[in-house]
Amino acid sequence: MNESIIRIFVSQGLLALMLILEFLIPLRDTSNGRIQRWIQNFGLGILNTILIRLSVKAIAYTSAIYFQSRGIGLLNLEFINSSNFQLGSIISTILILDLAIYFQHRVSHSLPFLWRFHKVHHTDIEFDASTSVRFHPIEIIFSMIFKLFIIMLLGANPIGVVLFEIILNAGSTFNHSNIKLPNFFEKVLRYFIVTPDMHRIHHSVLPMETNSNYSFSVSIWDRIFNTYREDSSGEQENMPIGLEKFRSQLSWKEILALPFFRESNNS
C-alpha cells in the first residue's frame, strides 16, 4: 500500500473541491488580501510537506507495522489481537488517535512553549481552506513525535493509521473552509464531525471562543470534555478572525520568527 499517494490524492482532491465551493457558496467575503494569504498559507503547507518527505516520510504507517510485527502496544496484546478484532482494531486506532489530537490541541493552547508555535495557525486574519495548512514547521515535527508515541503505546493498526491521517487531513480542510451550509444540515452534521461553523468559533479573536471547540475530526470530544461552544457571540459572517495582537497579515519572515521573538500568551 502506497499510503503517501493515497493521502495526497484524497487531500488535494478535497482541497480543490473546497476551494471551488468557497467561490460558489462562501459564508464570508475573504477576497481582500486573498492572494497574499494563499501564497503564505500554501507556501507553509508546501514547506511542511517537503520537510516531512525529506525527514520522516511515511513514518507513522511504517512504525505501526513495526510495532504490530513485534507485538508492541495495547492492541497487539494476545487476547486482543485476533482476526475477529481487526475491524475493531482499525476503528479503535482512528478514534484513539483522534482523541489524542484533541488533547494535543488543548495543550497547545495552554502551555506557553507550545503556544509559541501553534499561534502561527491563529494569526491568519481570515478563515478558509488555506488556513488548514498554516502551521509552523516545528509544530508539525512536534505533532509527528507525539503521534508516534501514541502509535507505540496503542500498538495502532497500520490500516487505521492510514485512514486516520486521511480523515484528519480531509477533516481539517473541510472544517477550515469558508462555505455556507444549510442551517439544519450543519446542526445535525456537527453531532458527528467538526463543521466549518463549529471550528470557525475556535478562530475567533475572543479568547473565550478561541479556547473552545478543539476537536479536529470527530466532534464528540468537545461535548464530552466540556469545551463545546454552540455559537459565536456575533454573526460569523463578520466575526473578527485571528488574535487581537495581530490584526494585519504577517510576512514570511514574521511567521517563521514568531515563536522566537513575540510574546507568547494566549490572546
Quick one: if you take sqrt(5λ) for each eigenvalue of the C-alpha gyration tensor of the chain, what semi-axes come out, biggest first, whole angstrom? 31, 21, 18
In 10 Å bins starting at 0, how do the alpha-carbon pair distances of segment 80-136 split up by percent? 20, 32, 26, 16, 7
Using just the helices of the chain, give the 222 nm mean residue ellipticity in deg cm²/dmol: DSSP H runs with n ≥ 4 each add -39,500 (n - 2.57), and the total is spread over all residues, rounded to 500. -19000 deg cm²/dmol
Shape metrics for segment 1-49, restricted to C-alpha atoms - Rg then Dmax, Å: 13.3, 42
Range in the chain, longest, excluding exposed GluC sites (Glu not before Pro) [loop by DSSP; at most 13 other beta-carbon atoms within 10 Å]: 79-229
So the FRET efficiency between ILE141 and ARG70, C-beta based with R0 = 22 Å and rounded to 0.05, is 0.30
Once the convex hull of the alpha carbons of segment 95-224 is built, what does its volume come to per residue, in cubic angstrom? 111
About the Cα centre, charge dipole magnitude for segment 112-228 (Lys/Arg +1, Asp/Glu -1 at Cβ), debye: 140
For the chain, what are the DSSP H helices with axial Cα length of 18 Å or more and mean Kyte-Doolittle hydropathy of at least -1.0? 3-24, 34-54, 86-110, 137-154, 158-175
Note: PHE225 to ASP29 extended length (0.36 nm per residue) minus current alpha-carbon separation gives 67.2 nm
Along the Cα-to-C-beta direction of LEU256, a point sits 7 Å from the Cα; which residues of segment 25-58 have their amide N less than 16 Å from that point? 39-52
For segment 172-221, just list the percent of Cα-Cα distances falling in each 10 Å bin from zero outward, please. 29, 57, 15
Give me log10 I(q)/I(0) at q = 0.09, 0.13, 0.21 Å⁻¹ for segment 35-156, Debye formula, one equal scatterer per alpha-carbon, no solvent. -0.32, -0.63, -1.17
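No value in this document is a laboratory result; all are computed from the given coordinates. Nothing here was measured: the structure is a model prediction, and the numbers come from that model. Don't worry about glycine lacking a Cβ; one is built from the backbone with ideal geometry, like all the others, and counts go over all protein chains shown.
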